[in-house]
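Notes to accompany the following structure.
Since every read-out is calculated from the coordinates, none of them should be taken as a lab result. A quick note: this is a predicted structure, and the numbers were derived from the prediction, not measured. All Cβ positions, glycine included, derive from the backbone under ideal geometry; neighbour counts span all protein chains shown.
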Amino acid sequence: MLYQLYESQRALMAPFSEFASAASKLYDHPLSPFAHSPLAQRISAALDLLHRLAKDYEKPQFEITSATVNGVEVAVQERVALHKPFCRLLRFKRFSDDLQALTAMKGQPTVLVVAPLSGHHSTLLRDTVRALLHDHKVYITDWTDARMVPAEAGAFHLDDYVAYVQDFIRHIGPDVHVISVCQPTVPVLAAVSLLASRGEATPRTMTMMGGPIDARRSPTAVNNLAMNKRHEWFENNVIYRVPPNYPGAGRRVYPGFLQHTGFVAMNPDRHLSSHYDYFLDLIRGDEDSAEAHRKFYDEYNAVLDMPADYYLETIKTVFQDFALVNGTWVVNGELVRPQDITSSALLTIEGELDDISGAGQTRAAHDLCTGIPKERQFHYDVEGAGHYGIFSGRRWREKVYPQVRDFIARYDGDAPAQAQQPAAIADTSAEPLPAPTRSKRSTTKAGA
């Protein structure tokens, strides 16, 4: 019933939002007589803010049309490499007429970015993809809003998530490097573990960033909610059926609008201050700051519905049973054994100020992957970075990306042991992981 009430409210507010937008322009356009009244700028700013608070936010686009490779700007085209009911595997295909740039691109590593299915769309990793495209062939998982998936497509479980990741790895090939950001670190580790247990090829490297491998370590407010509420509480309070005006009518979901309410409730003062600053920027005519605000909230406010079965199983498996770290997780009848992974290299990354995945939660992957030689394991703490800072923004571009790039380059090609050690990758905790010895980088690259 709550979902239907929300949809009714959204439909009711839509015309008011559009009216506020039009009225804002009426007080701002230089040819309008209203624009010359004494309070025109304040009225326009207030109406614009009202429009943005009331409007409906659709899924954003990646809008990545170019990248720089070896100093040459190349074109980028977004393509669907594989389509499944609940996810599209996207590839950012690069094109160039420059022979040198084309040759460089063909020899670059292939990366699969596994985006979170935890509220926001995969476009949240736009900055991640944009940086990776300079030195890599890039694929990303683009999860589908569950309300847009017809009910006849069936349910989607956590086991299905793991199977999807395995299918994507198989589709791309054994030379792939996998990067998982936040929530996917757990199912990605399970997917690679099962591939290893079956004797299938595993990715050359696994980079895990800010994820709840072991949510018992330094639990955050998000972890505490998932751990302290009974499983039945989540099923009774956050699960609703999709209304009839969507293709997925009748499907059980964790609605996006409820997730968004939870996001805002975590830092209400910060959001209030941000909106007030936006109002002041409009009055001052600071269009650059106002546009930065719009871009952030266009992404932040666009939230998808999660399949109920997947969400509830994630709560139970990851945050209540701790099945991965306890060695009790069974996926489609197979026990998840991270210790069976032997050939992949592992890099874990955590933000010093991460309030979503606490300190040590991602690093816990090293304790599970005992089959990976210590000289192929790395950990990197990002000083001053919050959760989003490890994959987006200045710290990602200047601090984190160089580490990820050099780590992947080290283990790409036919002879990863001969690659050069990334200069800045280091474990900054009290007990550093052993670092491999430095040697010359191999000139052999995997073709693609």
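Structure values in brief
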item	result
Cα-based Rg and Dmax for segment 269-318, where Dmax is the largest Cα-Cα distance (Å)	17.0, 50
Dmax and Rg, reported as Rg then Dmax, of the chain (C-alpha, Å)	23.2, 74
Listed residue (99, 165, 125) projecting farthest to the positive dipole end of the chain, Cβ model	99
Added length on full extension, which subtracts the Cα-Cα distance from 0.36 nm per residue, residue 200 to residue 25	57.1 nm
Fraction of beta bridges assigned by DSSP in the chain that are antiparallel (%, nearest 5)	50
With eigenvalues of the C-alpha gyration tensor scaled by 5 and rooted, segment 158-232, Å	27, 13, 10
Lysine pairs within segment 6-162, Cα separation less than 25 Å, 8 or more sequence positions apart or different chains	10
GNM flexibility winner over the chain from 33, 174, 247 (Cα, springs under 10 Å)	33
Surrounding net charge for residue 25, when Lys and Arg each add one and Asp and Glu each subtract one, Cβ distance under 13 Å	-3
Spatially proximal lysines relative to residue 229 (Cα-Cα < 28 Å; intrachain offsets below 8 disregarded)	316
With Cα atoms, 0 to 90° folded angle of helix 185-198 axis to the chain main axis	30
Helix axis angle, 401-410 relative to the chain longest principal axis, alpha carbon, degrees	30
Estimated [θ] at 222 nm from DSSP helical runs (n ≥ 4, -39500 (n - 2.57)) normalised by residues in the chain, nearest 500	-11000 deg cm²/dmol
GNM top mover of 197, 32, 66 - the chain, alpha-carbon springs below 10 Å	32
Most fluctuating residue given options 57, 164, 254, as computed from a GNM of the chain linking Cα atoms under 10 Å	57
Excluding exposed DSSP-loop trypsin sites (Lys or Arg not before Pro) (at most 11 other C-beta within 10 Å), longest clean stretch of the chain	1-229
Total charge dipole magnitude, the chain, about the Cα centre, Cβ charges on Lys, Arg, Asp, Glu only, Debye to nearest 20	640
Convex hull of Cα atoms in segment 235-352, direction-averaged projection (nm²)	12.7
Paired Rg and Dmax values of segment 112-177, which use every Cα atom, in angstrom	13.4, 41
Check: segment 1-130 dipole with +1 on Lys, Arg Cβ and -1 on Asp, Glu Cβ, in debye	400
Helix 287-300 axis, angle to the chain major axis (alpha carbon atoms, nearest 10°)	70
Volume per residue that the Cα convex hull of segment 179-279 spans, once the total is divided by residue count, Å³	209
Bins of 5 Å from zero: percent of alpha-carbon pairs in segment 293-349	4, 13, 14, 15, 15, 14, 11, 8, 4, 1
